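Okay, structure first, notes after.
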Amino acid sequence: MSEYQMIINGQKVGSDATFPVINPATEEVAARCPKATEAHLEQAVAAARAAFPAWSARPGAERGAIIHQIGQAIEEHQAELVSLLTLEQGKPGTGFAGMGAAFEIGGTLAWCHAAADLELPVDVIQDNEEARIEVHRKPLGVVGSITPWNFPLMIAIWHVMPALRSGNTVVLKPSEYTPLTTLRFAEIINDLLPPGVFNVVTGDGSLGAAMTNHPDINKIVFTGSTATGKKIMQNASCNLKRLTLELGGNDAAIVLPDVDVAAIAPKVFATAMFNNGQTCAALKRLYVHEDIYEEMCDALVALANSVTTADGSTDPDFGPVQNKAQFAKVCAMADEARASGARFLTGGEPMPGPGYFYPVTIVADIADDTRLVREEPFGPILPVMKFSDVEDALRRANDSPSGLGGSVWSGDPQKAAALASRLECGTAWVNTHAMIQPDAPFGGSKESGIGVEFGRYGLEEYTNIQTVYISKT
Ligand code: NDP
């Protein structure tokens, strides 16, 4: 069995203690990873701190050029990284609509190269006979990145590349469920970066909290649950850490009666089931007008019945749910919905093990106060609710502590855009959902997060403003 090592100060580092990484398709131990001690974290933070002055002093274009090289290195190791993602995360290589592990690597490359090309120009806000006033963007120092298990490599790139591009150094902790791709990635790119600029520590249990409490980490970027995001925010007060928190979503979609159901159903289905439903901005609550409700349900059922769920290594449409706790959550939410009288149109029972397999499940006639509607299941299960009045649909869509994304579907995009702008969320889509790209800011409102990622807006979150006032009198 493979033994993986952390990267601290440019060196491969093991630990006396290790933890198992489980293949979710077989429930067998796929590999063992080092369990970092407090001393390891101290070494990683100290290395990142020591590397900061030289790294931040380099011209931005030089850092950008290295990030392009990192992208090239990922591309050269693409096949290996796809296999590792399937092994630890469960997702198939190609998968439904080509949105499996290879798609994640494609996104990884796109975001990596886009981050390399970002700029932080000086903003001159006054230049007259009295004074010249410039606004500069300065890196923060050491960034702590805590990444999740749904897109282990792509989200690591989302965190790390803007941090490095803007001159920070990084200590990253991947999810204990999916550390392998990240560790291999760190090993692949290790020679491209000066020692200490990018460190990866692995562990389970207390490492994340130790990072957020660490006085020498200046910012935490975290993608994960709202509950953990709140704890991070509390801890971050110790030294006023900057925060970017991309937390849970329970995105609503409102489907108006003027849509062509046959045309939109595949897109609705794909954006709900993307990554087996384990996507922060997946479509998770579908509100459909009563005139087309049964037609939409039938179309979704036909799609659900046409897909396969199996071990990702056989390249089905969908793999297993990533971990046991998440699988139990999906099962429990489905059971509660059934007990409440909801109508299960497909799926609804776990598949025979081993492996955390749950079939694509469409649930109709479900009450808004059911947990499956109130909370994100983060799995392959979609509740479909009926509405007759569009204002009522909007009220129900907004009746959530989450506010990551939302969408309106209509044959009249202008009308849909006007309605979508009234959704309380960070991204409002029209006739699509969960569409993101490297130059468009992405973040949540309400309890879905703080700050944004991507593009210039995201890059600025890794900086402090320094105003330079040059008197001319
Ligand atoms: P969590 O959101 O709880 O995050 C787990 C990660 O956070 C681990 O790396 C853990 O490391 C770290 N962590 C835990 N406690 C703290 C703390 N106090 N301070 C800092 N870091 C901490 O993920 P789960 O896997 O438990 O998933 C729970 C739910 O989150 C899912 O059901 C899903 O709804 C949502 N989710 C959302 C994602 C998204 O993309 N927005 C991605 C994945 C999950 P350690 O244990 O070492 O401290």
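Coordinate-derived values only; no laboratory data. These numbers come from a predicted model, not from an experiment. Methodologically, a virtual Cβ is constructed for each residue, glycine included, from the backbone with ideal geometry; neighbour enumeration extends over all protein chains shown.
Structural remarks
- If the condition is being surrounded by fewer than 21 Cβ atoms within 10 Å (Cβ to Cβ), touching a residue at least 40 places away in the same chain (Cβ under 8 Å) and under 25 Å from P257 (Cα atoms), then the stretch 355-386 contributes R374, K386.
- Residues of the stretch 235-249 that turn out to be assigned to a helix (DSSP H, G or I) and in contact with a strand residue (DSSP E or B) (Cβ under 7 Å, 6 or more places away or on another chain), as a count: 1
- Residue under evaluation V468, criteria (1) closer than 20 Å to P139 by Cα; (2) assigned to a loop (DSSP other than H, G, I, E, B); (3) of a type in the set (A, V, I, L, M, F, W, C), criterion not met: (2)
- K138 being surrounded by 24 or more Cβ atoms within 10 Å (Cβ to Cβ) and away from the ligand (no atom under 13 Å from the Cβ): no
- The condition (being over 24 Å from G379 (Cα atoms) and within 15 Å of the ligand (Cβ to nearest atom)) is satisfied by just one residue among T223, T212: T212.
- Under the condition of being closer than 20 Å to V171 by Cα and buried (at least 17 other Cβ atoms within 10 Å of the Cβ), the residues counted in the stretch 27-45 number 9.
- Summed over the stretch 313-347, the residues that are more than 14 Å from G277 (Cβ to Cβ) and more than 16 Å from the ligand (Cβ to nearest atom) give a count of 14.
- From the options A252, A270, residue that is more than 8 Å from the ligand (Cβ to nearest atom) and either surrounded by fewer than 23 Cβ atoms within 10 Å (Cβ to Cβ) or part of a helix (DSSP H, G or I) (or both): A270
- Among the residues here, I232 qualifies as within 12 Å of the ligand (Cβ to nearest atom), outside any strand (DSSP E or B) and out of contact with any Pro (no Cβ under 8 Å at 6 or more places or on another chain).
- Lone unmet requirement of (1) surrounded by fewer than 24 Cβ atoms within 10 Å (Cβ to Cβ); (2) in contact (Cβ under 8 Å) with a residue 12 or more places away in the chain; (3) more than 8 Å from the ligand (Cβ to nearest atom) for I157: (1)
This table checks each residue for (1) touching a Pro at 6+ places or on another chain (Cβ under 7 Å); (2) small (G, A, S); (3) surrounded by fewer than 24 Cβ atoms within 10 Å (Cβ to Cβ).
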residue	(1), (2), (3)
D412	no, no, yes
A428	no, yes, yes
M435	no, no, yes
G444	no, yes, no
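Let's see how each residue does on (1) assigned to a loop (DSSP other than H, G, I, E, B); (2) touching a helix residue (DSSP H, G or I) at 6+ places or on another chain (Cβ under 7 Å):
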residue	(1), (2)
T94	yes, yes
A97	no, yes
E104	no, yes
T108	no, yes
W111	no, yes
H136	no, no
G144	no, yes
P148	yes, yes
M154	no, yes
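- If the condition is being over 14 Å from the mean Cα position of the chain (by Cα), in a loop (DSSP other than H, G, I, E, B) and within 16 Å of the ligand (Cβ to nearest atom), then the stretch 160-177 contributes E176, Y177.
- Subset of the stretch 159-179 [more than 18 Å from R49 (Cα to Cα) and touching a Phe, Trp or Tyr at 6+ places or on another chain (Cβ under 6 Å)]: S175, Y177, T178
- Residue match in the stretch 182-201 (condition: at positive phi, of a type outside the set (A, V, I, L, M) and crowded, with 24+ Cβ neighbours inside 10 Å): yes
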